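Visitor: Have a look at this one.
The values are calculated or read from the model by the stated rules, or taken from the named source; none is laboratory data. Everything numeric here is computed off the predicted structure, so don't read it as measured data. Glycine gets a Cβ as well: all are built from the backbone with ideal geometry, and neighbour counts include every protein chain shown. Accessible surface areas use protein heavy atoms only, side chains included; no ligands, DNA or RNA. Shrake-Rupley method; radii C 1.70, N 1.55, O 1.52, S 1.80 Å.
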Amino acid sequence: MPGSAAAPGPPRSVGRVTAIARYPVKSLAGERLRQAPVTERGVAGDRWWAAYTADGGIASGKTTRRFRRVERLFALRARLPEPTTGDDAVPRILFPDGDELRADAPAASARLSAVAGRDLVLRPQTSIRHHDESAVHLITTAAVRRLAQLRGEPVDPARFRANLELDVEGVGFPEDDWAGCHLVIGDDVELCLGPAMPRCVMVGNAQPHAGLGDDPRLLKTIGRHHGVTFGLQATVVRTGTACVGDTAMLIPPP
């Protein structure tokens with residue numbers, strides 16, 4: 001019928017999940033998972049806790065209205081006890097000397113403050129969200145390869161602290177065309193893909209637990225070639241469990 005909208009194309013496979021990551025405490029090192037529950041808030045337990053500064057800001061790698069830049073957070077790692085099926089589990093903080101403390105223990109905040117060199121208190125999320133932009137963040141291997149090509153040296157995907165890494169064929173930024181589409185992961189999880197993920201200096205910060213040193217050039221490369229964005233934001237449409245190896249099916253918008 002003349003003037004009618006074109007029908008959306010069929011769903012198509014765009015790749016497979018090659019990595020799932022969770023960061024139980026915002027801006028601390030996190031953990032890689034073989035599978036993870038995905039709730040309305042994203043990967044269960046992801047960034048549900050954060051360190052707060054004395055003025056109520058959320059400790060991060062940058063300073064904004066909500067966040068306060070705090071150094072040395074990446075030197076610590078947080079994990080959640082398994083099995084974790086929701087956002088109510090209390091993270092364990094792993095300190096450089098091997099000690100492990102529950103995040104709700106006063107000693108954990110005191111130790112964290114000593115490492116950071118300023119007063120910090122660990123708290124779960126309330127009305128002020130901890131995520132930078134969205135509940136789920138994903139990247140593709142095609143985009144990582146393109147960024148490495150532009151730099152002339154390898155780029156470790158861990159730099160981007162994404163929840164989902166998709167193995168996608170080719171070299172480039174295919175996800176640039178995915179905004180507005182839905183992405184079905186495996187049998188259960190469905191995401192609505194939003195705009196590109198803005199980047200800040202954190203991508204170049206050293207990550208001792210991942211074996212990464214400082215790389216201040218990385219953000220400049222992203223800014224020069226991709227508008228200071230990398231990866232996609234996403235919200236959860238249907239909950240379930242995501243697993244490494246799951247097929248990712250892209251559903252065009254209506």
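Visitor: Looking at (1) farther than 18 Å from Leu138 by Cα; (2) of a type in the set (Gly, Ala, Ser); (3) touching a residue at least 60 places away in the same chain (Cβ under 8 Å), can you tell me which one Gly211 breaks?
Guide: (3)
Visitor: Among the candidates Asp188, Asp176, single out the residue that is farther than 26 Å from Leu73 by Cβ, open to solvent by 30 Å² or more (accessible area, probe 1.4 Å) and at pLDDT below 95.
Guide: Values: Asp176 fails: at pLDDT below 95.
Testing whether each residue is farther than 26 Å from Leu73 by Cβ, open to solvent by 30 Å² or more (accessible area, probe 1.4 Å) and at pLDDT below 95 leaves just Asp188.
Visitor: A further question follows. Being modelled with pLDDT under 95, surrounded by fewer than 19 Cβ atoms within 10 Å (Cβ to Cβ) and more than 22 Å from Gly172 (Cβ to Cβ) narrows it down to one of Pro208, Pro252, so name that one. Spell out how you get there, then give the answer.
Guide: Values: Pro252 fails: more than 22 Å from Gly172 (Cβ to Cβ).
On inspection, the qualifying residue turns out to be Pro208.
Visitor: Working only within the range 105-118, note down all residues that are surrounded by 14 or more Cβ atoms within 10 Å (Cβ to Cβ), touching a residue at least 24 places away in the same chain (Cβ under 8 Å) and either out of contact with any Lys or Arg (no Cβ under 8 Å at 6 or more places or on another chain) or assigned to a loop (DSSP other than H, G, I, E, B) (or both).
Guide: Ser109, Leu112, Arg118
Visitor: Please give the number of the condition Thr39 fails out of (1) touching a Ser or Thr at 6+ places or on another chain (Cβ under 9 Å); (2) of a type in the set (Val, Ile, Thr); (3) crowded, with 19+ Cβ neighbours inside 10 Å.
Guide: (3)
Visitor: How many residues does the range 48-102 hold that are in contact (Cβ under 8 Å) with a residue 12 or more places away in the chain, open to solvent by 40 Å² or more (accessible area, probe 1.4 Å) and assigned to a strand (DSSP E or B)?
Guide: Qualifying residue count for the region: 5.
Visitor: Does Ala196 fit the bill of being farther than 24 Å from Asp87 by Cα, surrounded by fewer than 16 Cβ atoms within 10 Å (Cβ to Cβ) and touching a Phe, Trp or Tyr at 6+ places or on another chain (Cβ under 8 Å)? Give the steps one after another, and end with the answer.
Guide: Details: farther than 24 Å from Asp87 by Cα: yes; surrounded by fewer than 16 Cβ atoms within 10 Å (Cβ to Cβ): no; touching a Phe, Trp or Tyr at 6+ places or on another chain (Cβ under 8 Å): yes.
Here the answer is no, as Ala196 does not meet what is asked.
Visitor: While we're looking at this one, here's another question. Report whether or not Leu218 is modelled with pLDDT of 95 or more, open to solvent by less than 60 Å² (accessible area, probe 1.4 Å) and under 26 Å from Leu33 (Cβ atoms).
Guide: yes
Visitor: Now a separate question. Of the residues in the range 189-225, how many are closer than 21 Å to Asp156 by Cβ and touching a strand residue (DSSP E or B) at 6+ places or on another chain (Cβ under 8 Å)? Don't jump to the end; show me each part of the working.
Guide: Here is the first cut: in the range 189-225, the ones closer than 21 Å to Asp156 by Cβ are 196-225.
Filter again for touching a strand residue (DSSP E or B) at 6+ places or on another chain (Cβ under 8 Å), leaving 196-199, 202-203, 206-210, 222.
The total comes to 12.
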